[in-house]
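As structure tokens, the structure follows; a few thoughts come after it.
The values are calculated or read from the model by the stated rules, or taken from the named source; none is laboratory data. Computed from a predicted structure; not experimentally measured. So basically every Cβ, Gly included, is an ideal-geometry build from the backbone, and we count neighbours across all protein chains shown. Ligands, DNA and RNA are stripped out before the accessible areas are found, and what is left, the full protein with its side chains, is counted by its heavy atoms. Shrake-Rupley method; radii C 1.70, N 1.55, O 1.52, S 1.80 Å.
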Amino acid sequence: MSKGKKQGDKPEYLTIEELDRIEATVSGDLYFTTLYKLLRHTGRRIGEIYGTYRNKKLFGGIKLKDIDFENNQISTVILKTKNKKKERACENCKNKTNFSSPFCPNCGNRLPIVEKEKIEIEDKRIIPIPIKVKQILKIYIEKNKSKFGSNTYIFRKYSLIYLKKQIKIHTKKASINKNFSLHGFRHCFITNCKKSGMSNENIRKWTGHKLSATIDLYDDRVPDDVRKEVEN
């Protein structure tokens, strides 16, 4: 399980021009160009594209067979943590119910406290392929077709730790003095969607969030943007 993020871990918002500069620093590297464009223009988590670690093992990520260019989409899967419902018996009437209710539905007696058990379930996701990504993704696959089988994870050329270090290096090479990470592409994508006037609900449907209200946590619009909205 993750330990949570520190206050200073949140990636800073990059302008479109700054994102372009990061892409320019990797223009000669087809792997990073494809990966960054996919993250930038889909707003998806790196875990959905590369995979995530669970119990020291990688889970999920994009395989060659998951890509459907005809329908412009990618099928992927992530692990979601949820509470497992447990039954507990009412000490008064012995009726059994799950832990979500604090009182017995039969007699109204307060139920004993039972510690919640967290479980992980597979959550299937569909990633739309924007036009800006489709061409470079096709080229990337074509260039590596001799290495890719149907079940090949196409972005696991490097370790995840290496990728996290490289985005810091590429940001610095682009002369950007901001805290930016692979997850920062998602922040920028959602912020730009908000700036364009897209509703939280439509952003949620695109990015795979469960709740529309969560989108506001990613809204990193600069003060000038907010000021203009108020003045208009």
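In segment 27-44, the qualifying residues are those that are surrounded by fewer than 21 Cβ atoms within 10 Å (Cβ to Cβ) and in a loop (DSSP other than H, G, I, E, B), and the one that is modelled with the lowest pLDDT is G28.
Name the residue that is least open to solvent (accessible area, probe 1.4 Å), counting only residues in segment 189-232 that are modelled with pLDDT under 80 and aromatic (F, W, Y). Ranking the qualifying residues of segment 189-232, first place goes to Y218. Of all residues in segment 45-70, those satisfying the criterion of being in a loop (DSSP other than H, G, I, E, B), open to solvent by 20 Å² or more (accessible area, probe 1.4 Å) and more than 19 Å from F180 (Cα to Cα) are N55, K56, F69, E70. Give the residue that is least open to solvent (accessible area, probe 1.4 Å), with candidates limited to residues of segment 71-90 that are more than 29 Å from G60 (Cβ to Cβ) and modelled with pLDDT under 85. Only one residue fits best here, namely R88. May I ask you to list the residues in segment 149-168 that are open to solvent by less than 70 Å² (accessible area, probe 1.4 Å), more than 13 Å from Y50 (Cβ to Cβ) and in a helix (DSSP H, G or I)? Listed by number, the list is empty, since nothing qualifies. Inspection of segment 135-148 identifies at least one residue that is at pLDDT 90 or above, hydrophobic (A, V, I, L, M, F, W, C) and either in a strand (DSSP E or B) or more than 19 Å from H41 (Cα to Cα) (or both). Total residues in segment 169-188 satisfying the condition of being open to solvent by less than 30 Å² (accessible area, probe 1.4 Å) and not polar (S, T, N, Q): the figure is 10.
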